[in-house]
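*Asks:* Handing you this structure, nothing more for now.
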There are 2 protein chains.
Amino acid sequence: MDIYPKSLENLIQQFTRLPGIGQKSATRVALYVLKNQKGLAHDLARSLLEVKEKIKFCQVCFNFSDNDLCSICRDNRRANGVICIVEGPGDQLAIEESGSFNGRYHVLHGVLSPLDGIGPEDLKIGELVGRIEKEDIKEVILATNPTTQGETTASYVVDLLSGIGVNISRIALGVPMGSTLRYMDPATLRHSLKGRVLVSS
Amino acid sequence: MDIYPKSLENLIQQFTRLPGIGQKSATRVALYVLKNQKGLAHDLARSLLEVKEKIKFCQVCFNFSDNDLCSICRDNRRANGVICIVEGPGDQLAIEESGSFNGRYHVLHGVLSPLDGIGPEDLKIGELVGRIEKEDIKEVILATNPTTQGETTASYVVDLLSGIGVNISRIALGVPMGSTLRYMDPATLRHSLKGRVLVSS
């Protein structure tokens, strides 16, 4: 396709490297950027370079941070003694937005995936053991995703931490709010029934 | 929301300025860029700056180009004498991809929209008249979109060019391939019936 000038084609190609952006969206976005008169191209370019320069891992929980410690690890109003383990920063954000957790986090930056050659040494798993002793952790909440790989990773963490004397819990897997049982997959319904909660006796 | 470091929040905000990218997509894209080890951030930043620096309007058809003349206006294998008028570069690309047109283009860069204060002087409409004489154009194909504004713009061009002695045609409006009449809107069906083509007599 040689319809657009080379630098524009190049920008379109760069946009298709982003997740969820195909050829059509990339073209639309690139044309939009080109037409924009409000400095969008420069602002976005500057942000891209700045983020790569400034952002590093929090030394404690491995979330992204522009300091040695992230804002949550620095926050002394948060409860100590409980760590929530998530796969990535996006999962951590989702939990924060739910406003239902006030403890600390540990970001693994991935899941175990033997087929893709991703083992424990590729994740921030080893560092977890040290934290539990050092921070006197009483409970570890496994909040990896309910996928095959997320479950495998959760199981691995359970094995790793058993014997250390810490409570390990898994977030409830079940039917999401606002959904319809009729359209729910069997595995979810199985988890939902198995994990039922007594409401009166 | 102060969960992410400032430079990351800033990148997310920049991404939300792009069309079709909301807060959630922007977050996903920004985190992806941050994790990417293959120079995505730098490549994208460079492309953004380069495109703004290099791309200008073709002096003849006003399509985006990195030269004074775009690749289509430079191409002497293309038919002279027929101009296809489109609203923007994206429309021109769609027609090129259909492979059904071998003439020249004229890109208006917008549509008439009195409510938004967009008049003929804001579009590349005036330049059209000069081209018709200079390039000895026999036919003008109106390929603005079948929206209220696109139709208004097409009508305006018809008025503007009547009397110059050039054939003016409008692309066929009708039922798209692969669609179902049952789910088609009345206006499209009306156009489709009105524009019916005799196949045998």
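The values are calculated or read from the model by the stated rules, or taken from the named source; none is laboratory data. Note that the structure is predicted; figures quoted are calculated from it, not measured. No Cβ is skipped: glycine too gets one built from the backbone with ideal geometry, and neighbour counts run over all protein chains shown.
*Asks:* Looking at segment B:132-153, which of its residues are surrounded by 17 or more Cβ atoms within 10 Å (Cβ to Cβ) and more than 15 Å from the chain's Cα centre (by Cα)?
*Replies:* Residues satisfying the conditions are B:132, B:137, B:140.
*Asks:* Checking residue B:188 against (1) within 24 Å of residue A:35 (Cα to Cα); (2) surrounded by 15 or more Cβ atoms within 10 Å (Cβ to Cβ), which test does it fail?
*Replies:* (1)
*Asks:* I'm checking my understanding of the structure. Among residues of segment B:72-105 that are hydroxyl-bearing (Ser, Thr, Tyr) and within 24 Å of residue B:149 (Cβ to Cβ), which one is farthest from the chain's Cα centre (by Cα)?
*Replies:* Among residues in segment B:72-105 that are hydroxyl-bearing (Ser, Thr, Tyr) and within 24 Å of residue B:149 (Cβ to Cβ), the one farthest from the chain's Cα centre (by Cα) is B:98.
*Asks:* Under the condition of being free of Cβ contacts under 8 Å to residues at least 40 places away in the same chain and closer than 16 Å to residue B:131 by Cβ, which residue from segment B:66-90 is surrounded by the most Cβ atoms within 10 Å (Cβ to Cβ)?
*Replies:* Applying the first criterion (free of Cβ contacts under 8 Å to residues at least 40 places away in the same chain) to segment B:66-90 yields B:66-79, B:88-90.
Right, trim to closer than 16 Å to residue B:131 by Cβ and you get B:68-70, B:72-74, B:78-79.
Details: B:68: 12, B:69: 14, B:70: 26, B:72: 19, B:73: 19, B:74: 13, B:78: 15, B:79: 9.
Ranking the candidates gives B:70 first.
*Asks:* Is it the case that some residue within segment A:73-81 is modelled with pLDDT under 90 and closer than 22 Å to residue B:31 by Cα?
*Replies:* Scanning segment A:73-81, I find no residue that is modelled with pLDDT under 90 and closer than 22 Å to residue B:31 by Cα, so the answer is no.
*Asks:* List pairs: first in segment B:1-20 and more than 7 Å from chain A (Cβ to nearest Cβ) and modelled with pLDDT of 90 or more, second outside any loop (DSSP other than H, G, I, E, B) and crowded, with 18+ Cβ neighbours inside 10 Å, Cβ under 6 Å, 6+ apart or cross-chain?
*Replies:* Pairs that qualify, where the first residue is more than 7 Å from chain A (Cβ to nearest Cβ) and modelled with pLDDT of 90 or more and the partner is outside any loop (DSSP other than H, G, I, E, B) and crowded, with 18+ Cβ neighbours inside 10 Å, are B:12/B:26; B:12/B:27; B:12/B:30; B:15/B:26; B:15/B:29; B:15/B:30; B:16/B:26.
*Asks:* Of all the residues that make up segment B:21-36, how many are facing chain A (nearest Cβ under 7 Å) and charged (D, E, K, R)?
*Replies:* So the count comes out to 1.
*Asks:* Please determine, by comparing only the residues of segment A:91-100 that are under 18 Å from residue B:27 (Cβ atoms) and not β-branched (Val, Ile, Thr), which one is surrounded by the most Cβ atoms within 10 Å (Cβ to Cβ).
*Replies:* The residue in question is A:92.
*Asks:* Please work out if residue A:103 is closer than 26 Å to residue B:43 by Cα, assigned by TED's automatic domain parsing to the domain that holds residue A:127 and surrounded by fewer than 21 Cβ atoms within 10 Å (Cβ to Cβ).
*Replies:* It is false that residue A:103 is closer than 26 Å to residue B:43 by Cα, assigned by TED's automatic domain parsing to the domain that holds residue A:127 and surrounded by fewer than 21 Cβ atoms within 10 Å (Cβ to Cβ).
*Asks:* Something else about it: Given the criteria among the charged types (D, E, K, R) and touching a helix residue (DSSP H, G or I) at 6+ places or on another chain (Cβ under 7 Å), does residue A:66 qualify? Break it down into steps so the answer makes sense when it comes.
*Replies:* Values: among the charged types (D, E, K, R): yes; touching a helix residue (DSSP H, G or I) at 6+ places or on another chain (Cβ under 7 Å): yes.
Judged against the criteria, residue A:66 is a match.
*Asks:* If residue B:179 meets every condition in (1) more than 18 Å from residue B:86 (Cβ to Cβ); (2) of a type in the set (Gly, Ala, Ser); (3) touching a residue at least 12 places away in the same chain (Cβ under 8 Å) apart from one, which number is that one?
*Replies:* Result: residue B:179 fails condition (3) only.
*Asks:* Can residue A:44 be described as assigned to a helix (DSSP H, G or I), under 26 Å from the mean Cα position of the chain (by Cα) and not assigned by TED's automatic domain parsing to the domain that holds residue A:158?
*Replies:* Taking the combined requirement at face value, the residue satisfies it.
*Asks:* What pairs come out if I take residues in segment B:125-154 that are at negative phi and pair them with residues that are among the hydroxyl-bearing types (Ser, Thr, Tyr) and exposed (fewer than 14 other Cβ atoms within 10 Å of the Cβ) whose C-beta lies under 6 Å away, six or more apart or interchain?
*Replies:* B:141/B:169
*Asks:* Now, a different point. Restricting to segment A:1-35, give me the number of residues that are of a type in the set (Gly, Ala, Ser), assigned to a helix (DSSP H, G or I) and within 33 Å of the chain's Cα centre (by Cα).
*Replies:* Number satisfying all stated conditions: 3.
*Asks:* While we're on this one: Could you please give the count of residues in segment A:154-182 that are surrounded by 14 or more Cβ atoms within 10 Å (Cβ to Cβ) and touching an Asp or Glu at 6+ places or on another chain (Cβ under 8 Å)?
*Replies:* 2
*Asks:* Just to be sure I understand, how many residues within segment A:23-65 are in contact (Cβ under 8 Å) with a residue 12 or more places away in the chain and of a type in the set (Gly, Ala, Ser)?
*Replies:* Result for segment A:23-65: 2.
*Asks:* Out of segment B:73-97, which residues are within 12 Å of another protein chain (Cβ to nearest Cβ) and within 18 Å of residue B:142 (Cβ to Cβ)?
*Replies:* Within segment B:73-97, B:87, B:88, B:89, B:90, B:91, B:92, B:93, B:94, B:95, B:96 meet the criteria.
*Asks:* Oh, and also: Return yes or no: is residue A:60 part of a helix (DSSP H, G or I) and either more than 7 Å from chain B (Cβ to nearest Cβ) or among the aliphatic types (A, V, I, L, M) (or both)?
*Replies:* Here the answer is no, as residue A:60 does not meet what is asked.
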